[in-house]
Every structure is written in structure tokens, then in C-alpha cells.
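A.B. asks: Just dropping this structure here.
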């Protein structure tokens, strides 16, 4: 159903945090034009604004590693994705690594398996 002349959106997203905004962005990139995001206060003012924020790609399941790899690539090219100038205020992304501390032989074995998966998928794991 086309809603071009309707008062109702094709998609209504409740919550304007990082997930809601990401869903809206990706839907519009795939051709959905009538998307509305509803947020109680201002966009990004809920739990998204209170999160410390961190990205990692070191997971034990392939789907999680691939999703993280996609996310890192997206943020590395954030300016181009959103067609922003390279010096846009408030948009910055720096990778500084990720450290795991292991305290048991079992944890080390699990970590080795995960590292092998990550390397197979192309992650630089040391």
C-alpha cells in the first residue's frame, strides 16, 4: 500500500536511539521513503546518550563477527555514508584496539578458538 497521500507512514519506529535511527537509515537506503521515528524527548537522548560506547569485533560466533565487521566499516566511512563533509563537527571514529585478560586455561582455549574464527574472517588478531 502506498501512503504518499496518506496521513500514515509506511513504517513507524518507536525509539530514536542508535537502533531506531539505524533501522530508519537502512530502510530509506533500501527504498522505503515514508519512515517516521518517534522519540519521547530528543533523538539519541535516552539510553543511547548514556552508553559508554565501544566497538569490538572479537566474538565467538561468525554472525556476530560479521555484523561487527560491517559496523566498523560503516563507521570508518561514516562521512561518505551520510554525505557529510570530512570535517563535520561531532563525527569522529578512532580505533584503538581491544584487550582481553584471561585467567583460566579453559578461557584461553575458548579464546584461541574464537581468535582462529576471527582470523579466518579477516580480522587482524594478535
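Just so it is clear, none of the values below were taken in a lab; they were calculated from the coordinates. On a predicted model such as this, the values are computed, not experimentally measured, just so you know. Heads up, the Cβs are rebuilt from the backbone with ideal geometry, glycines too, and the neighbour counts pull from every protein chain shown.
A.B. asks: For the chain, what does -39500 (n - 2.57) per DSSP helix run (n ≥ 4), summed and divided by total residues, give at 222 nm, in deg cm²/dmol to the nearest 500?
C.D. replies: Values: 5 runs with 51 residues, N = 126.
Value at 222 nm, helices only, nearest 500: -12000 deg cm²/dmol.
A.B. asks: Give me the mean projected area, in nm² to one decimal, of the convex hull enclosing the Cα positions of the stretch 57-126. Present the calculation step by step, with values, prior to reporting the outcome.
C.D. replies: Details: hull surface 22.8 nm².
So the mean shadow area of the Cα hull is 5.7 nm².
A.B. asks: What full-extension length gain, to one decimal in nm, is calculated for residue 41 and residue 88 as 0.36 nm per residue of separation minus the Cα-Cα distance?
C.D. replies: Numbers: separation 47, 0.36 × 47 = 16.92 nm, distance 2.43 nm.
Length gained between residue 41 and residue 88: 14.5 nm.
A.B. asks: Which entry in (1) 62, 36, 27; (2) 39, 28, 27; (3) 38, 37, 27 is this structure's computed Cα extents along the principal axes in Å?
C.D. replies: Label of the calculated value: (1).
A.B. asks: If you don't mind, another one. Set the Förster distance to 41 Å, then compute FRET efficiency between residue 123 and residue 8 from the Cβ-Cβ distance, nearest 0.05.
C.D. replies: Details: r = 44 Å, r/R0 = 1.06.
For residue 123 and residue 8, the calculated efficiency is 0.40.
A.B. asks: Using 11 Å as the cut-off for backbone N distance, which residues of the stretch 8-50 belong to the label zone defined by a point 7 Å from the Cα of residue 79 along Cα→Cβ?
C.D. replies: Backbone N within reach: none found.
A.B. asks: Something else about it: Nearest 0.05, what FRET efficiency do residue 49 and residue 26 give at R0 = 22 Å with Cβ-Cβ as r?
C.D. replies: Numbers: r = 21 Å, r/R0 = 0.96.
The formula returns an efficiency of 0.55 here.
A.B. asks: Once the Cα atoms of helix 105-120 and of the chain are each reduced to a long axis, what angle between those two axes, in degrees from 0 to 90 to the nearest 10, is obtained?
C.D. replies: Result, in degrees: 60.
A.B. asks: Note down the Stokes-Einstein diffusion coefficient of the stretch 1-53 in µm²/s, whole number, using a Kirkwood radius over alpha carbon pairs, 37 °C, and 0.692 mPa s. Before the final figure, lay out the partial values.
C.D. replies: Working: Rh = 11.9 Å.
The calculation lands on 276 µm²/s.
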